[in-house]
Amino acid sequence: MNCAFCTEFAALPRRDQGTRIICEVSGWVLLPTVGCFAPGCGYGNPSSPHAFGRQAAEAIRIARNQLRELIGASAESEVVFTSGATEANYLAITGIARALRGVGLHIISTAIEHKAVLGSCQHLAEEGFQVTIIPVKADGLVDPSDIAAAITPKTVLVSIMHANNEIGTIQPLAEISQITRECGVLLHTDAAQSLGSLPFHVDHLSVDLASFSGHKIYGPKGIGALYVRRGTVRPVPQIASGGQEYGLRTGTPNVPGIVGIGQAAAILAEQRHIDTHRITGLRDQLLAMLRQRVSDIRVNGSLIRRLPGNLNITIPGTEADELIEYLPGLAISTGSACSTGQPDPSHVLTAIGLDHSSARSSVRIGIGRGTTLHDIIATVQQISEAVHSSTVKVEADATEQPAHAAVGRERSDRLRLPGRPGRPRLVSGR
Ligand code: PLP
């Protein structure tokens, strides 16, 4: 596996002291199944009053402040650790909607959100909330005037991702937050993808809630955080007992994960602008070289408002899943999830207007901190060889339905995602 294309954190396993397998990363040590031994951090439970517990609690406090500083939050209590951005999104969206149930039952989101957000909206729709799903333009961007037009006196929350995970588009969040502020509506953003490569400051963007993921900022998997602005109504927690994480996330905290995301945040504060500049250059080189070797490549999503490390391209006439299988050394992906053997076209690609066939011919290539020019050249070489081989060509399918038709058919009883740019769709509950 060419790990240069994993934008995620890589640990260096080594065998130490005879029987213990130790991974050392950024000065802290993880003993699988045993615990985390960061400098000054013992194996104590951070909720315990004894010295070992206090050490662990101190390690969490440091990590919370590392993340707090990175995002510009003003108080420690504004940062709540979760198991990842999925949980943070759920806590933010369902928690705020339920807390404000007496004020209004209407929330707004977009067609290209991560499934974690759309799934949370689906839950709320089933509880009787109304969800308006705003379509995006062909370049993947939301028009802020569509948000303004969708807000009603019953709207309690707008949830819009900062940057998209499949096509990398960066939404005009500051413009949108101006609208939500004027209307007195809370704004949540899923910033899982953007924090690792874009400046992100909760005050500059004027967001009320924001979700983050450890493994998207070169930290560990299975850890994330939710920012909740001080003074904002408290989200209703999923599990109400216990008082950890300011009462919003009960259960013994994941100390190794928290220390890891804190370390990742501290490194990012120093490294991000260097990474961003270099990675943007590599991404542009990758696209230019691919265009020289493979004809008719189309870029999905805006090239101007785009994450540095994201390239999502359609290579007409190829089958993306087969291309990926053909290239086991590259960590490239499609946006689709294959559950029962039936390719499910990416809801993001169909939302920007791609038909089923084009969505099936699209791949996403991620470029990260570890990627080198050598990796880019090797990738271009491998992709162009694969594309020109006969095995990855799409078989013409005369019976194929447009992607949006398939999505609508499969999900008729669920939250309906617009298949194409168009009018906002209102999803009612029962
Ligand atoms: N939101 C976005 C935009 C993502 O890209 C991801 C991860 O892929 C998530 C949410 C879920 O994050 P996690 O894996 O930390 O739950």
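Taking the alpha-carbon centroid of each part, what is the distance from segment 141-158 to segment 105-138 in angstrom?
If we compute the Cα centre of each part, the gap is 12 Å.
Return the Rg/Rh ratio of segment 203-303 with Cα-based radii and a Kirkwood Rh.
Value, to two decimals: 1.13.
How large is the Kirkwood hydrodynamic radius of segment 35-163, in angstrom, based on all distinct alpha carbon pairs?
Averaging 1/r across every pair of different Cα atoms and inverting gives 17.2 Å.
How big is segment 75-254 in terms of Cα radius of gyration and Dmax, in angstroms?
15.0, 46
Relative contact order of segment 75-254: what whole-number percent is it, with Cα pairs under 8 angstrom and at least 6 residues apart?
The value is 30 percent.
Grab the Cα-Cα distance for Gln271 and Ser241, subtract it from 0.36 nm times how many residues apart they are, and report the gain in nm with one decimal.
In short, 6.9 nm is gained.
Explain nothing, just compute: Karplus ³J(HN,Hα) = 6.51 cos²θ - 1.76 cosθ + 1.60, θ = phi - 60°, for every residue of segment 203-210 in order, whole Hz, x for Gly and Pro.
With coefficients 6.51, -1.76 and 1.60, one gets 7, 5, 8, 6, 9, 8, 9, 8 Hz.
Alpha carbon centre of segment 345-376 versus segment 213-247: separation in Å?
30
Sticking with the crude label model, points 7 Å out along Cα→Cβ, report the distance from Gln178 to Arg278 in nm, one decimal please.
Placing both labels 7 Å beyond Cα along the Cβ direction yields 3.6 nm.
Extending each Cα 7 Å along its Cβ direction at Arg101 and Asp143, get the distance between those two points in nm, one decimal.
Placing both labels 7 Å along Cα→Cβ, they lie 3.6 nm apart.
Suppose the chain between Ser77 and Phe52 were pulled fully straight at 0.36 nm per residue; how much longer would it get relative to their current alpha carbon spacing?
Length gained between Ser77 and Phe52: 6.7 nm.
The numbers here are math on the coordinates, done by the rules we state, and not lab data. The structure presented is a predicted model; accordingly, all values stated were derived computationally and were not measured. Note: ideal-geometry Cβ built from the backbone for every residue, glycine included; neighbour counts use all protein chains shown.
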